[in-house]
Amino acid sequence: MIKLSKSFVGNAEIKEVTKVLKKGFLGMGTKTHHFESILSRYFNKHVACVANGTAAIQLALQAHDIKKGDEVIVSTLTFVATFQAISALGAKPVPCDIDNEDLTITSNFIEKKITKKTKAIIPVHFGGHVGKLSEIYQIAKKYNLIVIEDAAHAFGSVYKKKLIGSFGDTVCFSFDGIKNLTSGEGGCIVSKDKQFINRIKAIRKLSLVERKNHIHNFDVFEQGWRYHMSDIMAAVGIAQFRRFDNMKKKRQELAKKYDLYLSNNSKIKVYKRNYDQIVPHIYLIKLKQADKANSIRKELLKKKIETGLHYFPSHLYTFYKSNKNILKNAESIYKYHITLPLHPSLTFKNIENISQKLLNILNK
Ligand SMILES: *Cc1c(COP(=O)(O)O)cnc(C)c1O
């Protein structure tokens, strides 16, 4: 079976994790701090590592004082995690429609959603592609809104010659097992604001703040969570980071191969992306006929090729549903999408085979 996605781990990760296990301290300690300093150097920013990408977004929102009653504009074409992180704080995720080419939110859609209660915008760098991010920062500036980038797909991606995470307000990554870089589970928040990152470092561990020369060693000033990273996770992340360049190039080359086999076909559309700039987390095709997606996916599965759907629009889930939100592009486009396998352990031959089988089914 060719899996849709897969963790790319081996001896390097086993060796690093073994060191932590032998040391006998598995919680958050020197390894996590080392991983943070590696990431901090990579982005040239302050970094806090946390339990997962969802926690990263939630803590970023909390440390920006987003609370009950506040509205956060968010791309609906995302993993529901982005919505959950907002509603976890009692704030309201306000779903935003996407551009049909970039698959990301744009300023015209965002502007329609701004109210007096709007506090923040969360763009999602879909598949590692960033879309029109500078437009989003412009509109945020105009209305005095915070931007929190959901960069869960975009570790290593470059936008206008700058690494994602090396600029911008607040940038959140996921190190989930199948993301561009993994620490098993995990995630991080990146910011230029040291105080902001320090606040997150407190909140991620039950908001315990050290008090010097006091009978109690700690005090608590706000709601906290147990969302810190463990040294076992950090060990995996450190080993991954050392070979990230190879993993990144492999993802880029595999996506280019798909482009080579699948472009110029009358039955499907391939999204034009610059794979020298972005690190693709997923590879999508768009069918010309929506009603065909399910049967094609079933046929591919019979041929031992697993596929996915990224994404069912989050505002259509029962918990987030409201009659007010009609987002034409997102509500239509997902029906045309199939995500093909993409992970660094695939070979170019695999990509040729998957493409061939897909084309055979389409040409039947
Ligand atoms: C994976 C992902 C998240 C959440 O990250 P986790 O580490 O799984 O919690 C958030 N947003 C997007 C777009 C994701 O793909």
Legend entry - Rg to Rh, two decimals, where segment 24-162 supplies the alpha carbon set and Rh follows Kirkwood: 0.99
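Ignoring ligands, DNA and RNA, how do LEU145, LEU208 rank by accessible area with a 1.4 Å probe, largest first? Intermediate values should be presented prior to the final figure.
On the way: LEU145 20, LEU208 85 Å².
Greatest to least solvent exposure: LEU208, LEU145.
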Inset, instruction - Based on the mean of other Cβ atoms within 10 Å per residue, sort peptides 350-358, 90-98 so the most packed one is first. - result: 90-98, 350-358
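Which of the residue pairs LYS31/LYS201; LYS22/LYS179; LYS67/LYS113; LYS68/LYS179; LYS132/LYS349 have a Cα-Cα distance greater than 25 Å in the structure shown?
On the way: LYS31/LYS201 15 Å; LYS22/LYS179 27 Å; LYS67/LYS113 18 Å; LYS68/LYS179 31 Å; LYS132/LYS349 34 Å.
As for pairs spanning more than 25 Å Cα to Cα, those are LYS22/LYS179; LYS68/LYS179; LYS132/LYS349.
Suppose we keep just the DSSP beta bridges with both residues in the chain; what percent of those would be antiparallel, to 5?
On the way: 26 of 42 bridges.
If I count the DSSP bridges inside the chain, around 60 percent turn out antiparallel.
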Legend entry - Rg [Å, one decimal], Dmax [Å, integer] - the chain, C-alpha atoms: 20.9, 77
Inset, instruction - Positive end of the charge dipole of the chain (Lys, Arg +1 and Asp, Glu -1 on Cβ, about the Cα centre): tell me which of ALA91, PHE173, LEU301 has its Cα farthest that way. - result: LEU301
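What's the FRET efficiency of PHE348 with LYS302 using the Cβ-Cβ distance as r and R₀ = 25 Å, to the nearest 0.05?
After rounding to 0.05, the efficiency reads 0.60.
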Legend entry - segment 136-205 - Rg and Dmax from Cα coordinates, angstrom: 13.2, 39
Inset, instruction - Just the number, please: carbon plus sulfur as a percent of the accessible area of segment 11-242, 1.4 Å probe, no ligands or DNA/RNA counted. - result: 54
Inset, instruction - Relative to the longest principal axis of the C-alpha atoms of the chain, give the angle of the C-alpha long axis of helix 53-63, reported between 0 and 90° and rounded to the nearest 10°. - result: 50
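Taking a temperature of 4 °C and a viscosity of 1.567 mPa s, what whole-number D in µm²/s does Stokes-Einstein yield for segment 317-364 with Rh from Kirkwood over alpha carbon pairs? Spell out each step's value before the answer.
Numbers: Rh = 14.1 Å.
Roughly 92 µm²/s, to the nearest whole number.
Measure off, as a whole percent, the carbon and sulfur share of the 1.4 Å-probe accessible area of segment 244-363, all protein chains present.
Values: 2940 of 6140 Å².
The nonpolar share, carbon plus sulfur, comes to 48 percent.
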Legend entry - Full-extension gain in nm, ASN360 to LYS161, via 0.36 nm per residue minus C-alpha separation: 67.7 nm
Inset, instruction - Given the options THR347, THR182, THR339, state which has the largest fluctuation in a GNM of the chain using a 10 Å cut-off (strictly under) for Cα springs. - result: THR347
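Which is the longest run of the chain containing none of the chymotrypsin sites (Phe, Trp or Tyr not before Pro) found in DSSP loop states (not H, G, I, E, B) with at most 13 other C-beta atoms within 10 Å?
26-220
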Inset, instruction - Do me a favour and compute the ellipsoid semi-axes for segment 244-363 from its Cα gyration tensor, root of five times each eigenvalue, largest one first, whole Å. - result: 26, 18, 13
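Report the Stokes-Einstein translational diffusion coefficient (µm² s⁻¹, integer) for segment 272-317, Rh taken as the Kirkwood radius over Cα pairs, at 4 °C with viscosity 1.567 mPa s.
Working: Rh = 12.9 Å.
The calculation lands on 100 µm²/s.
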Inset, instruction - Provide the per residue accessible area, probe 1.4 Å, for the chain, rounded to a whole number of square angstrom. - result: 47
Legend entry - Cα long-axis angle, helix 293-302 against the chain (0 to 90 degrees, to the nearest 10): 90
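Show that you can apply the helix-only estimate: for the chain, add -39,500 (n - 2.57) for every DSSP H stretch of four or more residues, divide by all residues, and state [θ] at 222 nm to the nearest 500. Present the calculation step by step, with values, prior to reporting the outcome.
Working: 12 runs with 136 residues, N = 364.
Mean residue ellipticity at 222 nm (helix-derived): -11500 deg cm²/dmol.
Using alpha-carbon pairs under 8 Å, 6+ residues apart, how would you state the relative contact order of the chain in percent?
The normalised contact order for the chain reaches 23 percent.
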Inset, instruction - Give the cross-link partners of LYS19 among the aspartates and glutamates, using a straight C-alpha distance below 12 Å as the criterion and excluding same-chain residues fewer than 8 apart. - result: ASP231
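The values are calculated or read from the model by the stated rules, or taken from the named source; none is laboratory data. Everything numeric in this text was worked out from a predicted model, so none of it was measured. Neighbour counts run over all protein chains shown; Cβ positions are idealised from the backbone, glycine included. Accessible surface is based on the protein model in full, side chains and every heavy atom, while ligands, DNA and RNA are left aside. Shrake-Rupley method; radii C 1.70, N 1.55, O 1.52, S 1.80 Å.
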